[in-house]
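Colleague: Sharing a structure below in structure tokens format, with a few things to ask.
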Amino acid sequence: MKLVYLFSAVLIISSCVKETPAPSGSNTNNQYNYPSVVAEMQTNFSEDWDNWRFYIGDTTVQVVTSFSEDWDNWDFSAPGLTGDLQTNFSEDWDNWKLTNGEYTITMQTSFSEDWDNWDIDDSQNNWHADVQTSFSEDWDNWDVYESSENILDVQTAFSEDFDNWDVYGDFPVDYPTEYRVAVLFVPVIVNLLMIQGIIQ
């Protein structure tokens, strides 16, 4: 009889143990367990470095080189939106500019050839963001800061899978698409240029 009571007590206690839900999101690098992916960047085909799609919420932005393997000239487009991403001078990899009819956003390394640290600025609207690797030369993991606050974590879907990126966190609600494209383009272009052997 005692054995029956003991068995019943074990069943009751075990049924009260709280189950821990599995982390959401598909990224195995996701150490923060954010509830969802807020954006993804992917090549259209595996290692098709000229052709990207940035899935930002409900918006899909096409980001493509102006000409095949023309790494310092890119076009981006989404419904009702077109623009350019270009180096300031030919093969000036430290200095980029996003332009369209409404915005001019500069994207430049904090120091010459400091590929870990970038300053993103729209001086006309007094906006600034920092894009940095999470740790020195940790090319799989990037952070986006605005006013010293970490707002986004940008990570490869799997280690060194540089044609698949997931973005966790929250874009500020007033971010135009141009700001989103500018901060997300930095990890993509840095790793692409490294893959091509152009920078190191």
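Colleague: Mind checking which residues of region 144-160 are buried (at least 18 other Cβ atoms within 10 Å of the Cβ) and in contact with a Ser or Thr (Cβ under 8 Å, 6 or more places away or on another chain)?
Modeller: 153, 157
Colleague: Let me ask another. Mind telling me which of the residues 158, 162 ends up being more than 28 Å from residue 91 (Cβ to Cβ), in contact (Cβ under 8 Å) with a residue 24 or more places away in the chain and not in a strand (DSSP E or B)?
Modeller: Sole residue among the options that is more than 28 Å from residue 91 (Cβ to Cβ), in contact (Cβ under 8 Å) with a residue 24 or more places away in the chain and not in a strand (DSSP E or B): 158.
Colleague: Just checking, does region 108-116 include any residue being touching a residue at least 12 places away in the same chain (Cβ under 8 Å), assigned to a strand (DSSP E or B) and touching a Leu at 6+ places or on another chain (Cβ under 9 Å)?
Modeller: Scanning region 108-116 turns up no residue that is touching a residue at least 12 places away in the same chain (Cβ under 8 Å), assigned to a strand (DSSP E or B) and touching a Leu at 6+ places or on another chain (Cβ under 9 Å).
Colleague: Right, something else. Quick one: is residue 74 closer than 14 Å to residue 183 by Cα and among the hydrophobic types (A, V, I, L, M, F, W, C)?
Modeller: Against the criterion (closer than 14 Å to residue 183 by Cα and among the hydrophobic types (A, V, I, L, M, F, W, C)), residue 74 does not qualify.
Colleague: Still on this structure, please answer the following. Answer with yes or no whether residue 179 is crowded, with 21+ Cβ neighbours inside 10 Å and at pLDDT 95 or above.
Modeller: yes
Colleague: For region 127-150, does any single residue satisfy the condition of being at pLDDT 95 or above, part of a loop (DSSP other than H, G, I, E, B), out of contact with any strand residue (DSSP E or B) (no Cβ under 7 Å at 6 or more places or on another chain) and under 22 Å from residue 99 (Cα atoms)?
Modeller: No, because not a single residue in region 127-150 is at pLDDT 95 or above, part of a loop (DSSP other than H, G, I, E, B), out of contact with any strand residue (DSSP E or B) (no Cβ under 7 Å at 6 or more places or on another chain) and under 22 Å from residue 99 (Cα atoms).
Colleague: Checking the condition more than 23 Å from residue 169 (Cα to Cα), assigned to a loop (DSSP other than H, G, I, E, B) and within 19 Å of the chain's Cα centre (by Cα), which residue from 89, 45 passes?
Modeller: On inspection, the qualifying residue turns out to be 45.
Colleague: How many of the residues making up region 154-175 are over 18 Å from residue 135 (Cβ atoms) and touching a Pro at 6+ places or on another chain (Cβ under 8 Å)?
Modeller: 0
Colleague: Mind checking whether some residue in region 58-73 is loosely packed, with under 13 Cβ neighbours inside 10 Å, touching a helix residue (DSSP H, G or I) at 6+ places or on another chain (Cβ under 9 Å) and at pLDDT below 95?
Modeller: The answer is no, given that none of the residues of region 58-73 is loosely packed, with under 13 Cβ neighbours inside 10 Å, touching a helix residue (DSSP H, G or I) at 6+ places or on another chain (Cβ under 9 Å) and at pLDDT below 95.
The values are calculated or read from the model by the stated rules, or taken from the named source; none is laboratory data. What you see is a predicted model; the values in this text were computed from it and never measured. A quick note on method: Cβ atoms are made from the backbone with ideal geometry, for glycine too, and the neighbour counts reach across all protein chains shown.
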